[in-house]
Each structure stands twice: as structure tokens, then as C-alpha cells.
Amino acid sequence: MTTEFLGIPESELAAAKALATAREIEQQPRMLVRTHALVAQMHAELAAFIAPVAGNPNARVILTGAGTSAYIGQCLAPLLDRQVAARVDAVPTTDIVGCPRLYLDPEQPLLLVSFGRSGNSPESLAAVDLAEKLVKDVRHLVVTCNPKGGLANLDVRQALTIQLPEETHDESFAMTSSFSCMMYATLAAFSADGALDARIGPLANAMARVIAGKRKVLRTLAEQKFERVVYLGSGLFQGLAREATLKLGELTNGAVATCFDSPLGFRHGPKTFVSERTVVFVFVSNDPLTCRYDHDLIDELRRDGRAAHVVEVTARPRAGHLASSIVLEGMEQAPDADLLWPYIAAAQVYAFFASRALGLAPDNPNPQGLVNRVVQGVTLHPLEG
């Protein structure tokens, strides 16, 4: 029996240097279920570790990482900030390292939540070190996919690690299952015990349906080789739109120009990015108010008639718009948080096929080495004063 990933035989993917990326996209629903079980087993330990900071209204939680890992925090921070007493912010490690005193308050208790696929990015390790040096009361929650990485083996005052299944330590250049599972693990860690038990099945199944059931339409779109692609999202989906643009930029080696924004923000200048060779994807909210603003912008773009395609990625399709929608069946009543995973799956699949359409190798789309799986070329300068 021939093994396939994303509808393509394994042998063909291997020959095209696309096997790791395809496999890691397709494995995500299974990995999410395993991540759920793993975090559930740790819940008492996690709650005890997180509570002293999360329950303190004078304390701060910083969600941090670089690149894709930073966007995990940008997706979750608005939600977690509503759930816990402490202030919750997403601050990339690249910002902390460049301007540590702007983001680290010596007197404010801090929980630094560090994301890392490899756990070896120089900025990730430097951010931990800076927090240790500058903040009097700091503890570190590490969410990582690599047990041998630097983040998983910190020598600090207070640390706890969520070590994800080894399959999530993506071999490919672009982060896919590492992103989705680190994001899920963090949401689960900050949720009440059992709060996600009834949600993980529908969430993982919705992601699987996108990967298996929407790949043909996404492949057809990708093979049109659009010159520009826009991702838009409100609320939690702003961070997801940013991750979607990065995924496409990485897998097409910069050959496709990308842009991200919120639907309301897009009118304030960025809308000029749209050309006749542009496809616009909008991650539509399930919130009744927010989705009205999403729909307003979608309808406006279609009336403008400038973009080649405007695609609604939605759990609540509108009559008369099905032909230009990617629909998540069975998620009509889901909170927006649960849509993060099936929505990003659509963007990952599109990026994979866009890479293939351009004749690139998705597992290593930049063979020149200008960018690397683990960032290189960073000079860390000493903290002065």
C-alpha cells in the first residue's frame, strides 16, 4: 500500500524534498490529541507553578519566542489576559534582547513563557538570561519540542518544562506541528483542569478535515501562482494572519509578496497592496459583532473588483458566498480560540502547494542558506550597567 501525505505519494515527496513538510502538516491532529493528554497529566504541577504569578494582579506573564514562536504568543495573549489576574503580553525574544530594560521590570513578578522548536535560538536563551539578571522574582515556563535543546535544560532559579512529543520537533525548515502543538499546550496549561476535554476532539477533527478535505481547492489556488497574498484576521486571528504570511514567505523563498493586517486596519493604507494578481484570505470570527466587520471588508474588496480572489475562511458560511469560501464544518458554535488550529492548517497547506508550484523544495526552500532552521549570525552584546 502506497503511503501518501497531502494526497501525494511518499516516494514523490521524498524525491522533491517535500516529505518532512507534508508529513508534519498532516500529523498535526494526532499530535494535538497527544499534547492534550500530556498536559493533562501535568496539570496539577503546572497549576501550582503558574498560579503565584498568574493569580497576582501586580504581576506579569510574557509569552516569548522568535519568528513563528513569537506568533504563538500574539495569538494567545489577548485570550489569556482575560483569563488570569496578571497582565499578559506577547513580546518577541528579539525585542527583549534588543531592549531588555524596556520590557523587563525588576520589581514586577514575572512568568516568562518561552517557546522553542529546537530551544537553541540564541535570542531565546539570551532572553532567559536577561530575565534572570534583571528581574528579582522570575520563573520560567518552557514549552519546547527538543529535549536536548538549551531551553529544556536551563540552569535558573525556577523553571518547569512542557516537553512535547518528539514528532513535533519538525525536521523541515518551516514550523508547522511545532507551532500548533506549542500553542495548544500553552492554552491547556493556563486553562482549568478538564476545561478542554470536550473541545480537543472537535478541534483536532476540524483540523484534519481541512487538511484532507480542503487541500484540492487550496492546491488549485496555489497553482495559479499569485504574485501577492494577503492574510487578514480580527482579534486572536491577527497573530495567526502574521504566522500565515511568514509560512508562505518561507516556503516560497520570498518569491510571493505577503501582507497581513486586521480587516478594519486594512483600509488604513495597506489596502493599496492589493493588485490584479492578489488573493486575499480572511480568517472570519465566530463572534457575532466581529464577523460583521470581517464581512464588511470582504464585501468591499469584492465590490472593488481589484483582487483576483477574496477567500473567506469560515465556520459560518454565508449563502451566496460558498464558491469563494473555505468552510469548517461542525465548528459553527466553537469559540474563536478553537478555530486557530483549523485556520492555520489552511494557510500551511496553501503555502506548501505554492512552494511546489514554484518548483521549490518545501523542506529546504532556501538552499542558499540566507535563512536557517535555527537562526545563525546573531551577535549577543553584554548588558551594560
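The values are calculated or read from the model by the stated rules, or taken from the named source; none is laboratory data. Note that the structure is a prediction, hence the values are computed from the model and not measured. Glycine gets a Cβ as well: all are built from the backbone with ideal geometry, and neighbour counts include every protein chain shown.
Things worth noting here:
- Every condition in (1) aromatic (Phe, Trp, Tyr); (2) over 21 Å from Pro78 (Cα atoms); (3) surrounded by 19 or more Cβ atoms within 10 Å (Cβ to Cβ) is met by Phe273 except one, and the failing one is (3).
- Considering the conditions (1) surrounded by fewer than 21 Cβ atoms within 10 Å (Cβ to Cβ); (2) more than 23 Å from Gly305 (Cβ to Cβ); (3) touching a strand residue (DSSP E or B) at 6+ places or on another chain (Cβ under 9 Å); (4) not β-branched (Val, Ile, Thr), Gln238 is excluded by exactly one of them, (1).
- Search result, residues across the range 18-34 that are in contact with a Pro (Cβ under 7 Å, 6 or more places away or on another chain), among the hydrophobic types (A, V, I, L, M, F, W, C) and within 15 Å of Met183 (Cα to Cα): Met31
Quick grid of which residues meet (1) under 30 Å from Tyr343 (Cβ atoms); (2) in contact with an Asp or Glu (Cβ under 7 Å, 6 or more places away or on another chain):
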site	(1), (2)
Gly67	yes, no
Pro78	yes, no
Asp81	yes, no
Thr94	yes, yes
Leu104	no, no
Leu111	yes, no
Ser124	yes, no
Cys145	yes, no
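- Only one of the numbered conditions (1) within 27 Å of Thr64 (Cβ to Cβ); (2) assigned to a helix (DSSP H, G or I) is not met by Tyr231, and that is (2).
- Matching residues, the range 165-182, being of a type in the set (A, V, I, L, M, F, W, C) and part of a loop (DSSP other than H, G, I, E, B): Phe173, Ala174, Met175
- Ala198 over 30 Å from Phe49 (Cα atoms), at pLDDT 95 or above, in a loop (DSSP other than H, G, I, E, B) and of a type in the set (A, V, I, L, M): no
- Output for the range 78-117, where each listed residue is among the basic types (Lys, Arg) and in contact with a strand residue (DSSP E or B) (Cβ under 9 Å, 6 or more places away or on another chain): Arg82, Arg87, Arg117
- Of the candidates Glu223, Glu243, Glu250, Glu167, the single residue that is in contact (Cβ under 8 Å) with a residue 40 or more places away in the chain and in contact with an Asp or Glu (Cβ under 9 Å, 6 or more places away or on another chain) is Glu167.
- Helices (runs of 4 or more DSSP H) contained entirely in the range 1-119, each with at least 2 residues that are touching a residue at least 60 places away in the same chain (Cβ under 8 Å), out of contact with any Lys or Arg (no Cβ under 6 Å at 6 or more places or on another chain) and more than 30 Å from Ala361 (Cα to Cα): 28-41, 43-54, 68-83
- Annotation: Ala334 fulfils all but one of (1) touching a residue at least 40 places away in the same chain (Cβ under 8 Å); (2) more than 25 Å from Ser177 (Cβ to Cβ); (3) in a loop (DSSP other than H, G, I, E, B); the unmet one is (2).
- Answer from Asn146, Asn120, Asn153 - the residue that is at pLDDT 95 or above, out of contact with any helix residue (DSSP H, G or I) (no Cβ under 7 Å at 6 or more places or on another chain) and of a type in the set (S, T, N, Q): Asn153
- Set Gly73, Gly55, Gly7: member being modelled with pLDDT of 95 or more and buried (at least 21 other Cβ atoms within 10 Å of the Cβ): Gly73
- For the range 337-385, filtering for residues that are over 26 Å from Ala126 (Cβ atoms) and either polar (S, T, N, Q) or part of a helix (DSSP H, G or I) (or both) leaves 23.
- The strands (runs of 3 or more DSSP E) falling completely within the range 239-320 that include 3 or more residues that are under 30 Å from Gln368 (Cβ atoms) and modelled with pLDDT of 95 or more map to 257-261, 278-283.
- Of the set (1) touching a Ser or Thr at 6+ places or on another chain (Cβ under 8 Å); (2) surrounded by fewer than 18 Cβ atoms within 10 Å (Cβ to Cβ), all apply to Val311 but (2).
- For the range 34-43, the condition of being surrounded by fewer than 23 Cβ atoms within 10 Å (Cβ to Cβ) and either in contact with a strand residue (DSSP E or B) (Cβ under 6 Å, 6 or more places away or on another chain) or under 26 Å from Lys136 (Cβ atoms) (or both) holds for none of the residues.
- Meets criteria (surrounded by 21 or more Cβ atoms within 10 Å (Cβ to Cβ), under 22 Å from the mean Cα position of the chain (by Cα), closer than 18 Å to Gln158 by Cβ and of a type outside the set (A, V, I, L, M, F, W, C)) for Thr64: yes
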